[in-house]
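Below is one structure, written out as structure tokens; the observations come after it.
The values are calculated or read from the model by the stated rules, or taken from the named source; none is laboratory data. Just so it is clear, the model here is predicted, and its values are computed rather than measured. Counting neighbours? That spans all protein chains shown, and the Cβs are built from the backbone with ideal geometry, glycine included.
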Amino acid sequence: MPSFDIVSQVDKQEIKNALEQANKEISTRFDFKGSDARIEQKELELTAYADDEFKLAQVVDVLRSRMSKRNIDLRSLELGAIEKMSGDKVKRTVTVKVGVPQETAKKIVKLLKDSKLKVQGSIQGDAVRISGAKKDDLQGAIQLVRTAVAEVPVQFVNFRD
């Protein structure tokens with residue numbers, strides 16, 4: 001029985017490359033000269049540091065532009081609250097979301113049931129497995145999910161015939 005998985009994932013190496021490019025641009029930009037603006041990474045949690053809130057917004061903007069140039073979907077970035085540090089210095093955490101959230105997975109399964117396509121959806125951890133009798137039904141399910149799910153970036157992997 002043909003099947004495929006719907007997942008939401010990002011390439012960790014591309015995140016690292018985008019982060020290094022962003023830090024390099026920040027270190028060479030004139031408006032950051034003499035400031036302590038930088039971005040640090042711990043697994044899928046990035047932390048942006050700057051001297052004030054305006055510069056912090058600029059640092060996050062540089063990070064976003066570098067991520068988009070490295071083909072990382074910006075919907076997978078979740079910005080945290082701005083935190084004050086000593087003096088005027090501020091920091092902000094940026095979390096990279098991986099996996100299809102539970103409520104989105106339920107929405108996908110319900111969408112497929114209501115669509116009258118001859119496919120079945122099952123939630124498997126942070127992925128959704130879709131199986132059906134024909135390839136054409138699975139391709140129809142892919143098109144349906146692409147148009148209906150906009151809040152998280154989704155990829156279609158493990159296509160089995």
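Could you grab me the full set of residues in the stretch 106-153 that are in contact with an Asp or Glu (Cβ under 8 Å, 6 or more places away or on another chain), within 24 Å of S76 (Cβ to Cβ) and outside any loop (DSSP other than H, G, I, E, B)?
Across the stretch 106-153, the qualifying residues are Q124, A127, V128, R129, I130.
Here is a yes/no grid of residues against (1) farther than 22 Å from S27 by Cβ; (2) touching a Pro at 6+ places or on another chain (Cβ under 8 Å); (3) at pLDDT below 95:
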| residue | (1), (2), (3) |
| --- | --- |
| D73 | yes, yes, yes |
| E83 | yes, no, yes |
| D88 | no, no, yes |
| V94 | no, no, yes |
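What pairs can you find where one residue is in the stretch 35-55 and more than 18 Å from M67 (Cβ to Cβ), the other is surrounded by fewer than 16 Cβ atoms within 10 Å (Cβ to Cβ) and at pLDDT below 95, and their Cβ atoms are less than 7 Å apart, with a gap of 6+ or different chains?
If the second residue must be surrounded by fewer than 16 Cβ atoms within 10 Å (Cβ to Cβ) and at pLDDT below 95, the pairs left are D51/D36; D51/D88; D52/D88; E53/I82.
Which ones in the stretch 7-42 are of a type in the set (A, V, I, L, M) and touching a helix residue (DSSP H, G or I) at 6+ places or on another chain (Cβ under 6 Å)?
Selection gives V10, A18, A22, I26, A37, I39.
Quick check: anything in the stretch 105-117 under 25 Å from D36 (Cβ atoms) and of a type in the set (D, E, K, R)?
no
Identify the residue in the stretch 1-11 that is over 12 Å from G99 (Cβ atoms) and over 11 Å from the mean Cα position of the chain (by Cα) and, among all such residues, is surrounded by the fewest Cβ atoms within 10 Å (Cβ to Cβ).
Going through the qualifying residues, I end up with M1.
From V149, V154, V90, which residue is at negative phi and assigned by TED's automatic domain parsing to the domain that holds N71?
V90
Would you check which residues across the stretch 34-55 are of a type in the set (A, V, I, L, M, F, W, C) and surrounded by 13 or more Cβ atoms within 10 Å (Cβ to Cβ) and list them?
Passing the criteria: A37, I39, L44, L46, A48, A50.
Pick out the one residue from V109, V98, V128, V119 that is under 25 Å from the mean Cα position of the chain (by Cα), without any contact (Cβ under 8 Å) to a residue 40 or more places away in the chain and within 30 Å of S3 (Cα to Cα).
V109
Restricting to the stretch 66-91, name every residue that is surrounded by 15 or more Cβ atoms within 10 Å (Cβ to Cβ) and either of a type in the set (S, T, N, Q) or in contact with a strand residue (DSSP E or B) (Cβ under 9 Å, 6 or more places away or on another chain) (or both).
Scanning the stretch 66-91 gives M67, I72, S76, L77, I82, K89, V90, K91.
Got a sec? Which strands (runs of 3 or more DSSP E) wholly within the stretch 1-92 have at least 1 residues that are farther than 30 Å from D161 by Cβ and small (G, A, S)?
It comes to 45-50, 77-84.
Take the conditions among the basic types (K, R) and either within 22 Å of V149 (Cα to Cα) or touching a Leu at 6+ places or on another chain (Cβ under 6 Å) (or both) and apply them to K106. Does it pass?
When the stated conditions are applied, K106 passes them.
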